[in-house]
Structures are given as C-alpha cells and as structure tokens.
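Written out below as structure tokens is the structure these notes cover.
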C-alpha cells in the first residue's frame, strides 16, 4: 500500500471542489492519467450532492467555498459524513487552500480532512498527495508541520511521555514533523531516521489524529491569534 | 446620508425591489430651500409647484400659526436629501445659498421686526407687558439657537469637525447658550410676581413639564440617534472601501500592468507575481506584528530579499520567535549567505526551516541541486567557509553542510541566552510561499 509502485496499478476516482473554474481546469490539466475525475462542484451544496452520487476515493477540497453554513470546506466534510466508496472505504478529503489562514486550515483538518496543501503545489506533488490520501495516509506540507510543532509546544521542547497523549507529540513524531518542515519528502524522512516509509506515514497519521482530537488550548488560540499558517 | 451612492455598491434595484412597489418617502432637499427645505420637499412629493406650497404655508401661519406647527412637524419628521429637487419653481439661486445663512437671515429679520414693532407700540402708549414679552423672546431665541444645532446639515458639519475640537466646542457652546437662554426665559416668566418662595413650586412644575416633553420627544431623539449611528457606520465603511481601492490600485493593478508588459520574460513575471503576492498577504494578514524587530521577521525579510534577487521560490517555515539581538543578526547574515548559495548553485525548491527554541536557534536551508562537499570547494572560495562556518563559530554557534541524495542542506545553530527570551507571542510561521516539490 505504501510502496510507490503499487499506486500505479489502480486509478483514483477524484472529485474537484473549487469555486474557481479556472483552477479546476488547471488541476485537471496537471494530474496524470491515473487520476479519473468523476465529478466537479463549485459550492458546498453542490459538492455534497456530487460526493454522495459519485462516491469518489478522494475529494480535492477548496477551504473557501460559498454556500452551506458558511464554513466552506468544513461544511462539505460534515455534510458528506458516512459516505463511502464502492469498496467500503470512507471518502477522503484533501484540503487545498490559497489563504493559509491558520484558523481555516485547522477547521478543515479538524472537520476530517486527511491533509492540507497549498494551491501553488506542483503537479507531480499533487498527484502524490492525492494517492497518499487515497491510501488513507495523511499529507502534511512543511507549513502544516511547522504549525503543528508550534501549536503542540514541540518547538519549545514539550514532548509526550506516552504516545497516546493527545496534547503533545512524541519524540519520534516531533522528529518527523521537524524533517517535513525542513522540506524533506517522506522517503527522505524515512532514510534520515532509519525507519520505513510506512512508519513515517504512521507517525504522520498519528499527528493528524492528535491535531483532530486534541483539546489543547494553544491549538485554537494559536489558530485564532495567528493569521498565517 | 443614504442617498450618496458608493462606487462599490450594487445597484439598489437589483434584488428584491422588483416584487414590491418601492415606498416613496418625502425628503427635504438641501438645494433650493429657503429655511428647512420642507416646502420644496413637500412640493416634490406631491408634484406641485413649490410657490403654491409656500404660499399655502404663509397663509396657514397667518391663520393662527397652524402653518408654523405644520412646518416644524414636517421638518422634524422628514429626512434630508443631498440631491437637487426635481420640482418646478425651486430656483437655482437659492440653492447656492448656504442653509445656515438663510436661517440666520430669517432670525435676524424676525428679531428686527419684533423689536421695531415693540418700540412703536410702546411709543403709542400700548402696554405690551414687557415682563412677559422679554422672557418669551428669550425662550424663542434660545430654542432657535439650540435647535439649529440639530439640523441635519449642521449635524453633518459637526461630525466632520469632530476631528478638530475647535468646531465642536463652538457647537457645544451654542447649544449651551441656547438652552440657558430658554431656561432663564421660562423661569422668569413663571416666577413673575411670586418672589423666591414661589420659585420652588414653579421649579417642580417646570421639571414635570420638561419630563413630559422629553417623553414626547423621545422617539424623535431616538430617530436622530439612529440616523447618526447609521451615518457613522456608513462613513467608516466608505473610508475602508476607499483605502482598499487605493491600495489595490497602487499595488495589484500596477503589478498586473507590469506583468502584461513583461509577458515575454517568464522569470520576471514569476518574480513580480511573488513579490506582489507577498506584499498583498503582508497587507491583509500581517497586522501590527511586523513592526517589531524580531528574529522571525528578520529571517522573513532575508528570504524575501533572496527570492527577489534570484526569482526562486523559497519555502519558509519559522516556529517560535524572539527579540532580534546580536546573535540573531549573526545568524540571519549566515542564513542569507546560505540562501544565496542555494539560489545560485542549487535548484528549487529551496526550503528554510528556522526553529527558535528556548536555548537554541536552529536554521536549515535545503535545496534540491546536485549538491557539493565542503572538501571539494577550493580554499580561496570564502562564501561557505567564512560567511557561514567561520562566522558562526566566531560567535559561539556552529554550522555544517550536509550532502543529501537530492541537494544540499546547510544547518546553522546558535545557542541563545534564555534571559532575552521570547517576545511574548506563541509562535511565528512566516508568510506562505510555494509548496515544496520532490
């Protein structure tokens, strides 16, 4: 599942949700042929309908969308809760944003998105990120990693004693986050730490879980206090 | 006022209005008015010639003063409009005359007529009861003085002058004098022949009357207050819109024009677009943070400088922050050199991660070029050896160059004294740049 070779054997069914048609067609042109775009939507309500109808593997979701309850991408995720693909996996969401406002990104991640990338991402990286999300892994950009380090106090030296502690990162998770923040790809992280890519993905998924579930006070305070991620 | 269109507003008729017949409200135009604009407004509203309306009011005044009451009633209850009246007979000459001047002329003229009439009657031996007349006149004068303060146009001017306190003080003074004059008139009138003893009961009666009047005037006051608030909000919104428009014009539109002219040069286009993006983000999100001299802002500045110099996107992530001290400056200089090297010899994307800890500041500069070994660099090339490694070791820090599978990474670290600890904000992750690529 985590081996790059296995990704190319099956195609990924994709739904694009973005209110800018130009951006949607740009993404379509950049993705390679293993990505099948089964639907598009321009606002929250349309997106919920399209996702329920097409049951895609991955939804590429803009953070800022009109319609719904005014919460943009988060509303799509909430409205699509329980929708599964044909193989029974939950539909997964990858958030795309141009704003980088921390509160938006955190809101969409806490709503259930499996990752976050900025809209300036290069074509191949986007394809990789979509595959990773389709496989159930998490996608962290360097910026999101930096945010996590900050918000969990890891940069200041706070480290969880046990892995299950929701409000802190474990030492290993902190190492992984630091390398991602330094611009390392997952396989480079794996090589650096002498672990497998699968283990890196496990750590990242665990950090994502903490990000979604933690009630750490600094998390929201940070997101509100900082405009930029 | 609600009739001033803003350039960004949608046409009012766009939504919702088509289903409902618009309610036409009477307004008092500023232009073409003699006193308060009531006659012009009424003529406009009813579609009559304004001369007939004025004549009707004058006739009504003669018949027991009903005209005055009706006039004041309409004046108080109709909003003012800034537009020109669309009615026959409203002459343009009067329109150019400031409203305040016409009011003043009227008051002075009335005063002269009354004084003249009084003197004439006195000479003829008619008892005018001056003891009654003078307080009455004082009350009327005071009321006019105070009320003129509440006229809409006057209020506008008052608000504008709010900034400079001189105009406001003059306005308050006028209001105060008016109220004092009217009160004195009331007291003198009420206490005639009663002496000091009667003053007490009269005072209570006057207070009761005042309370009643306040009760009756309350809705009017509320309307005025509501108007004022709406107007202020509108004004603030307009100023903000104008600010945004001006900023967009100076920055984004200029850059777009430049980009169109340089469309043949992709590197220049990218550079312009990124510089503009940064500027816009800084303007939208930065707030007051950027004004402090912190390590994070210095690092951000350096990264932007190198970006602009070489047109290469630099992904910058900073966690934590602290005040910029000497050590920080050294670190920033070394970082700049490393970034310049990465931009010159490496290939994009270039990633920078700066971690400001409690005891250690670490910076990582990573590029995706072919990479190099420090041992292979000729001895006479001083860039890496002096500006980065040497500089850091001289200042108690350390630096190293690592060759990775794809590219090079320069690590700079500097121990810091916890004494000059963080600047109080939880963290800074610098302004977003292009995502990394593989």
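Identify the residues of the range B:335-371 with backbone N under 19 Å of a label point that sits 7 angstrom from the Cα of residue B:417 along the Cα-to-Cβ direction, or state none. Zone members listed by number: B:357-362.
Panel order for B:72, B:137, A:16, by other beta carbons found within 10 Å of each beta carbon, from fewest to most: B:72, B:137, A:16.
Taking R0 as 60 Å, what's the FRET efficiency between residue A:213 and residue B:143 from their Cβ-Cβ distance, rounded to 0.05?
On the way: r = 69 Å, r/R0 = 1.16.
With R0 = 60 Å, the Cβ-Cβ based efficiency is 0.30.
Global size of the range B:196-279: 30.4, 96 Å for Rg and Dmax (C-alpha atoms, Rg to one decimal, Dmax whole).
At 0.36 nm per residue, minus the direct Cα-Cα distance, what do residue A:69 and residue A:45 gain on full extension? Give it in nm, one decimal, please.
Numbers: separation 24, 0.36 × 24 = 8.64 nm, distance 0.96 nm.
Extra length from residue A:69 to residue A:45 when fully extended: 7.7 nm.
Simple spin-label estimate for residue B:208 and residue A:196 gives 9.7 nm between the two label positions (7 Å along the Cα-to-Cβ direction from each Cα).
One way to sum up the overall shape of the range A:70-156 is the equivalent ellipsoid from its Cα gyration tensor, whose semi-axes run 22, 16, 13 Å, largest first.
In plain terms, the C-alpha convex hull of the range B:235-276 casts an average shadow of 2.8 nm² when viewed from every direction.
Taking 0.36 nm per intervening residue step and subtracting the Cα-Cα distance, what contour gain separates residue A:98 from residue A:34 on full extension? Please report the intermediate quantities before stating the final value.
Details: separation 64, 0.36 × 64 = 23.04 nm, distance 2.52 nm.
Between residue A:98 and residue A:34, full extension yields 20.5 nm more.
The ranking of B:250, A:104 from fewest to most other beta carbons within 10 Å of each one's beta carbon is B:250, A:104.
At a Förster distance of 45 Å, what's the computed FRET efficiency of residue B:69 paired with residue B:237, Cβ-Cβ distance as r, to 0.05? Before the final figure, lay out the partial values.
On the way: r = 38 Å, r/R0 = 0.85.
FRET efficiency, residue B:69 to residue B:237: 0.75.
Stretching the chain fully between residue B:385 and residue B:59 yields a gain of 107.3 nm (0.36 nm per residue, less the alpha carbon separation). Calculated over the range A:1-148, the projected area of the Cα convex hull averaged across directions stands at 7.9 nm².
For peptide B:348-356, compute the average count of partner chain beta-carbon atoms within 10 Å of each residue's beta-carbon.
For this peptide, the per-residue mean of nearby foreign Cβ atoms is 5.
For the segment B:308-319, counting C-beta atoms of other chains within 10 Å of every residue's C-beta and taking the mean gives 4. Estimated translational diffusion coefficient (Stokes-Einstein, Kirkwood radius over Cα pairs, 25 °C, 0.890 mPa s) of the range B:292-420: 169 µm² per second. If you plug the beta carbon distance of residue B:183 and residue B:254 into 1/(1 + (r/R0)^6) with R0 = 56 Å, you get a FRET efficiency near 0.40.
In this simple spin-label approximation, residue B:347 and residue A:83 carry label points 7 Å from Cα along the Cα→Cβ vector, and these lie 4.0 nm apart. The distance between label points at residue B:134 and residue B:301 comes to 7.4 nm (points 7 Å beyond Cα on the Cα→Cβ vector).
No value in this document is a laboratory result; all are computed from the given coordinates. This is a predicted model, so every value here is computed, not measured. Note that we place each Cβ from the backbone using ideal geometry, even for glycine, and neighbour counts take in every protein chain shown.
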